[in-house]
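**Student:** Here's a structure for you.
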Amino acid sequence: MITAIVLIDTEADSIPEVAGQVAELPGVTEAFSVTGDVDLIAVVRVSQHEDLAGVIADRISKIDGVVRTQTYIAFQTYSRHDLDAAFALGLDD
């Protein structure tokens, strides 16, 4: 599984609409409206590298109101949630 974090700049008056459309796209697992230098952050999870272009360049970037995207690809995930789930399965025995 490939995880990408996509920073999205939008036109100021279209943040809620863009966020809703981004959240509905196949491959997007989460979309956040945030404070700071960008308007939205989306988490994209796909099975192959080639699928990233389909989600980001072909879909997210073409939504009306999206001004710019910047994408970070995760090399490894470190998550407290994942560790808790592993221990709940009894993997700590």
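The values are calculated or read from the model by the stated rules, or taken from the named source; none is laboratory data. Quantities reported herein were computed from a predicted structural model and do not represent experimental measurements. Cβ coordinates were reconstructed from backbone atoms using ideal geometry, including for glycine residues, and neighbour counts include every protein chain displayed. Quick note on the areas: whole protein, heavy atoms, side chains included, nothing else; ligands and nucleic acids left out. Shrake-Rupley method; radii C 1.70, N 1.55, O 1.52, S 1.80 Å.
**Student:** Work out how much length Ser14 to Val43 would gain on full extension: take 0.36 nm times their residue separation and subtract the Cα-Cα distance, in nm to one decimal. Intermediate values should be presented prior to the final figure.
**Tutor:** Working: separation 29, 0.36 × 29 = 10.44 nm, distance 1.94 nm.
In short, 8.5 nm is gained.
**Student:** Keeping all protein chains in the complex and leaving out DNA, RNA and ligands, what accessible area do you get for Arg59 with a 1.4 Å probe, in Å² to the nearest 10?
**Tutor:** Counting only protein heavy atoms, Arg59 exposes about 110 Å² to solvent.
**Student:** Using the Cβ atoms and a cut-off under 15 Å, what net charge is assigned to the surroundings of Asp9, where Lys and Arg are +1 and Asp and Glu are -1?
**Tutor:** On the way: positive: Lys62, Arg68; negative: Glu11, Asp13, Glu17, Asp37, Asp39, Asp64.
Result for the local shell: -4.
**Student:** Same structure, new question: Taking the Cβ of Asp58 as the center, what net charge do the other residues with Cβ under 12 Å away carry, scoring Lys and Arg +1 and Asp and Glu -1?
**Tutor:** Numbers: positive: Arg59, Lys62; negative: Glu50, Asp51.
Value of the local net charge: 0.
**Student:** For Leu40, Leu25, what's the largest-to-smallest order of accessible area, 1.4 Å probe?
**Tutor:** Values: Leu40 5, Leu25 30 Å².
Final ranking, largest accessible area leading: Leu25, Leu40.
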